[in-house]
Amino acid sequence: METPTARWRRLLPRTPGRWAAVGAALAVLVGGGTWTAVADDGKPAVQREDRILRMDGVPIDTSYFRAEGSGKRPAVLIGHGFGGSKNDVRAQAEKLAADGYAVLTWSARGFGESGGEISLNDPDHEVKDVSRLIDWLATRPEVELDGKGDPRVGLTGASYGGAVSLLAAGHDERVDAIAPVITYWNLADALFPDGVFKKLWAGIFITTGGGCEKFEKRLCAMYERVAISGKPDAEAVDLLTERSPSAVADRIKVPSLLLQGQSDSLFPLGQADAMQKAISANGAPVSVDWISGGHDGGDNETGRVESRVGSWFDRYLKKDTGTDTGPAFRVTRTGGVDSTDGAALLRGASGDTYPGLRGDGRDIALDGGTETFRNPAGSAPPAISAVPGVGGSLAQLSSLGVGLSLDFPGQFARFESAPLDTSVRVTGTPTVRVNVTASGGRDAVIFGKVYDVSPDGRQQVLPHQLVAPHRVTPDQQGRPVELALPAVDHEFDAGHRMRLVFSATDLGYASPAEPATYTVTADGPLTVPTAPDVTTAAAPLPRWTWGLPAAALVVAAGLLLTARRRTATPAPDPALTDVPLQITGLSKKYAKAVDRYAVRELSFRVEKGQVLGLLGPNGAGKTTTLRMLMGLITPDEGEIRVFGQAIRPGAPVLSRVGAFVEGAGFLPHLSGRANLDLYWQATGRPAEDAHIEEALEIAGLGDALARAVRTYSQGMRQRLAIAQAMLGMPDLLILDEPTNGLDPPQIREMRDVMIRYAAGGRTVIVSSHLLSEVEQSCTHLVVMDRGRLVQAGPVAEITGSGDMILVTTADEVSEPLAEKVAALPGIGSAVRTDDGRGLLVRLDGATTSRLVAELVRLDVPVTGVGPHRRLEDAFLTLISSGAA
Amino acid sequence: MSAPVQPPEARVEPGHPEAPGYRAGRTLPLRVEAMRQLRRRRTLLMGGILAALPFILIIAFAIGGTPDGEDGGGGGGRGGGRINLMDVATESAANFAATSLFVSAGFLLVVPVALFCGDTVASEASWSSLRYLLAAPVPRVRLLWSKLVVALGFSLAAMVLLPVVALAAGTAAYGWGPLKLPTGGALSAGETVPRLAIVVAFIFVSQLVTAGLAFWLSTKTDAPLGAVGGAVGLTIVGNVLDAVTALGSWRDFLPAHWQFAWADALQPQLEWGGMIKGTAVSVTYALILFALAFRGFSRKDIVS
């Protein structure tokens, strides 16, 4: 089935630029739906064409990436790192192509499927290849041209590919922008820093290239010569220098984004510093970005780097002046460890200008003295700093205080600062003036490093594991020389010390094999650049950090506001102010019983001074009614008024109601006394209103009051609960089945209590399912069954006047016999029962014993004589019909 | 404190002519609610466990020896990127307190929160005392407010108790000294106490979600163990989900994802990001759950 979106797409123009415009217009016209559809499609599909281009007779393997569409676009060339191939940069190429560039990648000579030998970016070979690739790009119809045969083109790439970017910009005027990543400016400087051979990295370099035979013969010979002697010669330095970007320093005049690694003992930050100086001197815009990782490993921030490179090209190739190319200087700092996954947290610090490596700073005094140490024969064991391929993650951790570094006793000099009074953020190259001498008129080869030492002095951290090698020749010895230490961005916390160490050996470098004694004297303080204008950005927090709680607050407020019942509290009824209870049309259905009412259309009224019996079998709705009366459950219909006030949950008038409903409710861990005290305090009423002693007297618990309630018997809890209900002498006392669990003397006492209580003008409601219980103490009765009111009124009215006696007989009583009985003196009436096997006799002066004597005299076969009440009759009938 | 309603006593309270002596704003004061809860066995037991834990740990370290042999100065450092407080547990009282928190934060400190907040209403319902309080009458919002504040107060007390006892016991056992960080640095003794306070504060805030869930369940059920168990159970489910790395950034919205973000307070540079995010997530859930509890309870028919 064809979706509406697909139809749209077919009808619409296919040029990306117009697409975007149409997309934006649609978004405005039809809102979010269309926007989603456009966004779903995401970036246009990217096509890749692989072809071998012959250059100078050498096959060069290339891939060409471009997105669909026919618009003119700038081109980007992406070079790969040493030992890699064009396939390494495919992901980045596809991304850039989708963003609207024509992207060409290639495997450099000697790598991947390309032929030829490695010449380390020889201007006549590798660099010329790039010019030929630019020629090829100029022939592509979709590539934007600045002139005939001059495509709009930028170059990027890491390491080896970065260097060729710089070189191409120097050798080919058609290059419009570059973004080299972790690369070298002067390879001689990188591999032979200060004349010391960086043997470990050089060896890895050669091996990664596929061995010496893969290289141009001159290079191979040079390497082997230096590796054997352990010391670079002038020819070697010249060879590497002429093939380095520094050779064309004055000709690189294009906007350059320089990304250099902080964890990089191969191409340290100084290389980018030199690039920046040269290129900005030529007048081109330059930004410097120190990423977290580097050749030593660590986080290379691929996503951020590619995104920034993309912005750089958007600005300088697409000429999109609205694009933010980022600050002139940015450095990634490690904030700490992400406690959720153990990864280091990175954050950026930036400055409007590049501070350089030797900016303004502080002088840190070092404890002086002269240190003498040995260069061991054969330069073993070597001190350890950066270990290529191993040290990466360690180098990053150095900012967290973890590091692997080692100096051997007797083989290094050490100068230490006092504990720092404030924290010092070093950004750049610390320098120090020292006086160095070596025994026997030899060169002194020493490795300078600045450790961060913890306050207790037990732990030292080498920032980024970096060391700076120095060769101090005999003519430099014996007088102060200024030595540069590794360029780093590292914070020394307050209380920490800086420890300057010069060691005689380092695992990564070739140092003289002849044993010697070095003497180093510090001649001045350690000068550290601090780049105060570089400020750390606050850690970026996702927007939901603030949005979620705010939204939750809104939701919570909404939940609470809509919880209010719609109906307002009815106004008090002044006519009922003295009526303890009036129930009108009360109905309640429980949620789980849809068709069955717990209470239905119940209405009755209780007057002051009454003891009202609420009578009904189990399930009649007595307890539900009382719960509604206490505001615990809300009626579906009708209303309850207590002293004229409508009952709601928590209605203040409830404080005039004392209740004991469905058993006791106490905190089992507290004593009876504490329970009552805390209950009264919870009611918020004055302590003097409680009348707690009177209530306790009624409970009659004696010493048991001090015991925890959990030790009480059922009857004790019952009495305590009734006492609680009586606290504060409420005007209306509600007792639900109060005699359950009481023994007969207590029951009698309870009856007296209720009668006495009501005699004081207060009102008592007693609910029960037993007639016998209520009839002796109540003045009024309300009979309920299955939620409905059956009968209400004074006890006497319901039970009738006079005493009724039910006489049961063995045989049927004849009508004449009944008349005879009725005619006896002192007898009001005598009626046969419905089944005929009994007589209902109303006594009118006669006693029961006299009646029995008369009946016996009349030969009535009496089997039993007992009191009879119309109420009980009705009650039993109700119950039995309910059960039937 | 982030309860969603104003305390009732904040309102001006006129007397009630129909109910002399009664003032809604004076019902169930916090002090009374605290007295009601304080002498419960579960409260005392919880306090006992948390107070005893540091001593148990000291004994454990005494029997098992120092967690990790300390390598001296020179050039040593430890490899590995994960923070492991255990390695430096016996360096000082501060380290010991941090370690005590570390071993308890995942589960042991969840239990008091779930217990105090989950049990508070449900246990009253199961004792039947709830209906007498409500009929007293304690207004429902007022009742929940007092119970919530006291439950959170007890939870906080439990969380403070542990590090305080650990600091005291640790000072006796290992001496007072700077907090040695597992990553290699150290914090001076003066800096340590505020950092530990931040840790406790974050643990408390991050447990608000547990508190919210337990409290909401507590208003829903009459079975105290159901509310407590439900809250603890969901915490476990959260931990399990957080272990599913395939969920990617969705895990950011699991409270369990941030439960150890307080370790950021024990880094040389105090790192706020994780704690802020964890706080945001926890407060978000807690606000909604507390609101649900208040909403549900104010409309509920009390049949217990």
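The table below lists the values:
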| quantity | calculated |
| --- | --- |
| Phi to ³J(HN,Hα) by Karplus 6.51 cos²θ - 1.76 cosθ + 1.60 over the stretch B:231-243, Hz, x for Gly, Pro | 5, 5, x, 5, 4, 5, 4, x, 4, 5, 4, 5, 6 |
| Residues A:Ser713, A:Ser350, A:Ser768 arranged by fewest to most Cβ contacts within 10 Å | A:Ser713, A:Ser350, A:Ser768 |
| Of A:Lys148/A:Lys318; A:Lys277/A:Lys319; A:Lys86/A:Lys231; A:Lys198/B:Lys180, those spanning more than 30 Å from alpha-carbon to alpha-carbon | A:Lys86/A:Lys231; A:Lys198/B:Lys180 |
| Nearby aspartates and glutamates by direct alpha-carbon distance to B:Lys220 (threshold 15 angstrom, same-chain neighbours under 8 apart not counted) | B:Asp119, B:Glu124, B:Asp301 |
| A:Glu693-B:Ala34 pseudo-label distance in nm [points 7 Å out on the Cα-to-Cβ vector] | 3.1 |
| Nearest-0.05 FRET efficiency for A:Ala796 and A:Arg707, computed from C-beta distance (R0 56 Å) | 0.80 |
| Separation in nanometres of the label points that stand 7 Å from Cα toward Cβ, at A:Glu173 and A:Ser603 | 10.9 |
| Rounded tilt (10° steps) of A:217-229 against the dominant C-alpha axis of chain A | 80 |
| Length-normalised contact order of chain B in % [C-alpha pairs under 8 Å, at least 6 apart] | 24 |
| Pair A:Ser829, A:Ala759: separation of 7 Å Cα→Cβ label points (nm) | 3.5 |
| FRET efficiency, A:Thr353 to B:Ala157 (Cβ-Cβ, R0 51 Å, nearest 0.05) | 0.40 |
| Folded to 0 to 90 degrees: helix B:189-206 orientation relative to chain B principal axis, Cα | 40 |
| Crossing angle, helix A:544-561 versus chain A [Cα axis fit, 0-90 degrees, rounded to tens] | 10 |
| Distant-in-sequence amide H partners of B:Tyr22 (H built 1.01 Å from N, under 5 Å) | B:His16 |
| Unpartnered cysteines - no second Cys beta carbon under 4.7 Å - across chain A | A:Cys778 |
| Principal axis dimensions, chain A - Cα atoms, whole angstrom, descending | 154, 79, 51 |
| Ranked list, fewest to most other Cβ atoms within 10 Å of each Cβ, for B:Cys117, A:Cys212, A:Cys778 | A:Cys212, A:Cys778, B:Cys117 |
| Total charge dipole magnitude, the stretch A:801-868, about the Cα centre, Cβ charges on Lys, Arg, Asp, Glu only, Debye to nearest 20 | 200 |
| For chain A: relative contact order, % (alpha-carbon pairs under 8 angstrom, 6 or more apart) | 7 |
| Cα centroid of the stretch A:181-197 to Cα centroid of the stretch A:640-687, whole Å | 87 |
| Cα convex hull volume per residue for the stretch A:741-859 (Å³) | 169 |
| Within the stretch A:714-740: backbone nitrogen closer than 14 Å to the A:Glu662 label point (7 Å, Cα to C-beta) | A:736-737 |
| Proxy reagent accessibility, fewest Cβ within 10 Å first, across A:Tyr518, A:Tyr184 | A:Tyr518, A:Tyr184 |
| Cβ-Cβ FRET estimate between A:Asp50 and A:Asp135, R0 fixed at 25 Å, reported to 0.05 | 0.85 |
| Amide H partners (placed H, <5 Å) of A:Leu145, local residues excluded | A:Arg152 |
| 222 nm mean residue ellipticity, helices alone, for the protein assembly as shown (DSSP H n ≥ 4; -39,500 (n - 2.57); rounded to 500) | -11500 deg cm²/dmol |
| Phi-based couplings in Hz for the stretch A:493-502 (Karplus 6.51, -1.76, 1.60; Gly and Pro marked x) | 6, 4, x, 7, 10, 9, 10, 8, 10, 10 |
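Rule-based calculations on the coordinates, nothing more; no lab input. No experiment lies behind these values; they were computed from the predicted model shown. Cβ atoms come from the backbone with ideal geometry, glycine included; neighbour counts cover every protein chain shown.
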